[in-house]
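> Sharing a structure, written as structure tokens. Questions coming.
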Amino acid sequence: MTLLTSRRGFLRAASLVSGALAVPAWARSGSAGLNAASDVLSGEDIRLSIGHAPFTVGGRTGHAIAINGSVPGPFIRLKEGQNVRLSVTNTLAEDTSIHWHGLLLPFQYDGVPGVSFPGIKPGQTFVYEFPIRQAGTYWYHSHSGLQEAMGHYGSIVIDPAGADPVGFDREHVIVLSDWSFVHPHTVYKKLKQNGGNFNFQKQTLGGLLAGKDQSAAERRMWGQMRMDPTDISDSTGAIYTYLVNGHGPDENWTGLFKPGERVRLRIVNAAAMTNFNVRIPGLAMTVVGTDGNNVQPVETDEFQIGVAETYDIVVRPTEDKAYGFIAEGIDRSGLVRATLAPRMGMIGPVPALRKRPLLTMKDMGMGEMDMSGGGAMAGMDHSKMPGMAMPAGSTAAEPAGAPMAGMDHSKMDMSGGAMAGMSHDMGSMKMLDPSVAPQVKMGPGVATLAPMPMDRTGERPTGLENEPHRVLTYSQLRSLDPNPDPRNPSREIDIHLTANMERYMWSFDGVKFSEGADPIAFRYNERVRVNLINDTMMPHPIHIHGHFFELVTGEKGNRPVKHTVNVLPGAKVAFDLTADALGDWAFHCHMLLHMHAGMFRVVTVRKDEDAA
């Protein structure tokens, strides 16, 4: 039998399977209520099987890697203080794994092949067994190849041992994800060939003439630097269908409520590559938890959820009507909607996609520079801008520290007015100056270094800067309980998020994991401040396994505790980590293709006598 015949046979068989069979019962419209039991796995012994399955969305059927035959996989509900034994059987013809995202457990059960265990071979069963030491909203997914992008993920809720500090009458678990009928390895190959392959929202002459895009002078400057201000998501709605609990935008997943109820929504971003902006027009959202940890309630109208983050929110719809739950990709190339309603069959309103955002000089790590002529750039002598070098590896690039080739700085008019008249030394703004980041290995994989990275935890995230309503920022989050380790860090380290976006090269400190990157070493129980500096022009959700960290924002004491932080372009984010879990742990960007390309490291935690 040829491969082509086999594939056709598979697709014919898949077309006979109803799309509903590929979605677990808990995720079907109206079924994920507080006491729903269908397809919810709980108790001390849980069995999971990983295998091939058809997946249908939008009238098309494709090939998924599913858990117990469903996408998303089964909803797992556990209790703080219990023990759990999870037997995972691999029916694939390739290795697989499950990582229990955000769970505190012995490192040998963390589920990262080549780091904490060998992986699960075809035909084998691996038993994960560990005590449940926490409560909250979490999830699980493959850490093998690109299986996660093909449907290998599911949600976890852990109920607290005592009283839940969050009061609610009903809850729904909402798993956001992205699905493509294009195989993820093909997506990766196309991005390696052309970093902007799926960006169909680039600036146009029509946009310039209509005044909707950047000015001609601004566009010339971005062009000289070989950068694209619309390059916000490299994998976009052009190839993705965005999902809520396995349902596409036209399938209207519905969560029920009775008017006046307090409804808790446990939201998981299980997407491979998509950060979402979440809102429920006409309904205020109160954020009560993030990454499984309770926070002091914050009311908002919209928030951005990075890949791998979780947010718990409470809403209280008082009217007998339907509300649209909207999750829009941050580049606004697509969205998925669901409905919150008192009865099945109702449809919540769906707003049109908003105008796609444009990146700014701040997203380059250029601080508060304003290219419009009304800000800090006005009147500057651009002949003194030696650091605005073009990316390494470009045929038109100049040596680091050289002026931007071809730019007549005396004629740069950013707003219709003259730029001359004020001399300002811009020599410190060297976008490839190695003194900015001495530990970064310079080369073709590092296109830029942020000259002036800023703490942006108090700023609205990418694309939400100018919305008229309330938008959540990290600085608004405060943990409900005091942080357990009040010590000041004993040392501080910098980690740069580096890339050449044109060549689709991603790394930490200019070194891909496959190039023999050294582990990040911590001594057991030490308190360390980690500074993440984003030298790229995309946000990166950075995740550490086996630990939580205290995000350094606001006053000390009740800073938010997280396992994943979305680092904005050109930004610097600091977190304090207590290395209290012995073993080897993964540390990586949770954009799956970025991690696959090399933005991954191993963190080692050893006692002093074990450190060699």
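> Is there a pair in Lys441/Lys512; Lys192/Lys362; Lys121/Lys192; Lys190/Lys441; Lys258/Lys321 whose C-alpha atoms are over 20 Å apart, and which pairs would that be?
With Cα atoms farther than 20 Å apart: Lys192/Lys362; Lys121/Lys192; Lys190/Lys441.
> A further question on this structure: Given charges of +1 on the Cβ of Lys and Arg and -1 on the Cβ of Asp and Glu, with all other atoms neutral, how large is the dipole of region 431-528 about its Cα centre, in debye to the nearest 20?
160 debye
> Within region 565-580, name every residue whose backbone N is under 16 Å away from a label modeled 7 Å from Cα of Glu492 along the Cβ vector.
Of the residues in region 565-580, 572-577 have backbone N under 16 Å from the label point off Glu492.
> Here is a further query. Only four residue types carry charge here, +1 at the Cβ of Lys and Arg and -1 at the Cβ of Asp and Glu. Report the dipole size of region 538-612 about the Cα centre in Debye, rounded to the nearest 20.
With Lys and Arg at +1 and Asp and Glu at -1, about 300 debye.
> Need one word for region 20-136: rounded, prolate or oblate. Basis is the Cα gyration tensor (sqrt eigenvalues a ≥ b ≥ c); a/c below 1.5 gives rounded, then a/b vs b/c decides.
Details: a/c = 2.28, a/b = 1.16, b/c = 1.97.
In terms of gyration-tensor shape, oblate.
> With each pseudo-label sitting 7 Å past Cα toward Cβ, what's the Phe181-Arg523 distance in nm, one decimal?
Label-label distance for Phe181 and Arg523, simple model: 5.8 nm.
> Could you work out how much longer the chain between Arg470 and Ala93 gets when fully extended? Use 0.36 nm per residue separation minus the Cα distance between them, nm to one decimal. Provide the component values of the computation, followed by the final result.
On the way: separation 377, 0.36 × 377 = 135.72 nm, distance 4.87 nm.
130.8 nm is the gain from fully extending Arg470 to Ala93.
> Amide H to amide H, which residues 5 or more places from Phe325 or on other chains are under 5 Å from it, using H placed in the peptide plane?
Ala338, Thr339, Leu340
Since every read-out is calculated from the coordinates, none of them should be taken as a lab result. Just so you know, these numbers come straight off a predicted model, no measurement behind them. Glycine gets a Cβ as well: all are built from the backbone with ideal geometry, and neighbour counts include every protein chain shown.
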